[in-house]
Amino acid sequence: MKEIDARGLACPTPVLHTKAALQEEKPGSISVMVDNAASQQNVQRFLESQGFATSLEQTGADYRVIGTLGAEPVDHSPEPAAPEAGSSKIMVLCATDRMGFGDDELGLKLMLSFLRTLKEMGPDLWRLVFVNNGVKLTIDSSEVLDDLKSYENGGIKILVCGTCLNHFNLLERKQVGETTNMLDIVTAMQLADKVISL
């Protein structure tokens, strides 16, 4: 069994080490140690996408993700379904829970209004990505939580940075979207026809 100790490494390094080990050594089984839930979820999701059946062991703050080759790959990629004719893939990257600078209360109102109005993009709206302070819009107390859930139920994939959730101690409070890593976010940027960044 290939063993990787990725404790203390920031996202997406545990996934990148796991990916490199699979490409270079092609092990039939692998064990990856990480020290936070976001990395655990990302490594587990990556292994499943590569055809590994996974199991999890937790000791204190440490997680051991064990993967055994032979399962049907689970598609966790940000690859979209075929877009409707004439539509493009627009990714909206929210790095804050406020829009603009100057007055925080006004900035919050503007951001809430912006997110609620995104549905006017129709089928062009493809991904919503939340990083840094923007992850606060995906938690239980968010004023746009119902709107985001509606987007997700309508087929728009929502990606939420796991490192950012960990930083703000919000991982357990996230209510919408997929906890993800920078590798998935960069891949989504590459696939998008247009990226709107706030």
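Report yes if Phe46 is at pLDDT 90 or above and hydrophobic (A, V, I, L, M, F, W, C), otherwise no.
No: the conditions fail for Phe46.
Check region 138-150 and report whether any residue there is closer than 17 Å to Ala37 by Cβ, more than 16 Å from the chain's Cα centre (by Cα) and surrounded by fewer than 20 Cβ atoms within 10 Å (Cβ to Cβ).
yes
How many residues are in contact with a Leu (Cβ under 6 Å, 6 or more places away or on another chain) and under 20 Å from Cys161 (Cβ atoms) if we restrict to region 17-37?
Counting residues in region 17-37 that are in contact with a Leu (Cβ under 6 Å, 6 or more places away or on another chain) and under 20 Å from Cys161 (Cβ atoms) gives 1.
Residue by residue, here is whether (1) among the β-branched types (Val, Ile, Thr); (2) touching a strand residue (DSSP E or B) at 6+ places or on another chain (Cβ under 7 Å) holds:
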| position | (1), (2) |
| --- | --- |
| Ile90 | yes, yes |
| Lys119 | no, no |
| Ser141 | no, no |
| Tyr151 | no, yes |
| Gly154 | no, no |
| Lys157 | no, yes |
| Val160 | yes, yes |
| Thr163 | yes, no |
| Asn181 | no, no |
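Quick check on region 73-89. Is at least one of its residues at pLDDT 90 or above and either in contact with a Gly (Cβ under 6 Å, 6 or more places away or on another chain) or under 19 Å from Gly177 (Cα atoms) (or both)?
yes
So in region 100-141, with the set limited to residues that are among the small types (Gly, Ala, Ser) and more than 25 Å from Lys194 (Cβ to Cβ), which one is modelled with the highest pLDDT?
Filtering region 100-141 for residues that are among the small types (Gly, Ala, Ser) and more than 25 Å from Lys194 (Cβ to Cβ), the one modelled with the highest pLDDT comes out as Ser141.
Looking only at residues that are of a type in the set (A, V, I, L, M, F, W, C) and under 21 Å from Gly107 (Cβ atoms) in region 159-175, which one is farthest from the chain's Cα centre (by Cα)?
Per the criteria, the residue is Phe168.
Considering region 169-186 alone, what residues qualify as being more than 22 Å from Lys119 (Cα to Cα) and surrounded by 15 or more Cβ atoms within 10 Å (Cβ to Cβ)?
Residues satisfying the conditions are Leu170, Leu171, Arg173, Thr179, Thr180, Asn181, Met182, Leu183, Asp184.
Taking only pairs six or more apart or across chains, which ones have beta-carbon atoms under 8 Å, a first residue in region 131-154 that is within 11 Å of Leu115 (Cα to Cα), and a second residue that is crowded, with 20+ Cβ neighbours inside 10 Å and among the acidic types (Asp, Glu)?
Listed pairs, sorted by first residue: Leu137/Asp97.
Answer yes if at least one residue in region 56-66 is at pLDDT below 90, within 29 Å of Asn169 (Cα to Cα), in a loop (DSSP other than H, G, I, E, B) and more than 16 Å from the chain's Cα centre (by Cα), and no otherwise.
Checking region 56-66: at least one residue is at pLDDT below 90, within 29 Å of Asn169 (Cα to Cα), in a loop (DSSP other than H, G, I, E, B) and more than 16 Å from the chain's Cα centre (by Cα).
The values are calculated or read from the model by the stated rules, or taken from the named source; none is laboratory data. Since we're looking at a predicted model, the values are computed, not measured. Methodologically, a virtual Cβ is constructed for each residue, glycine included, from the backbone with ideal geometry; neighbour enumeration extends over all protein chains shown.
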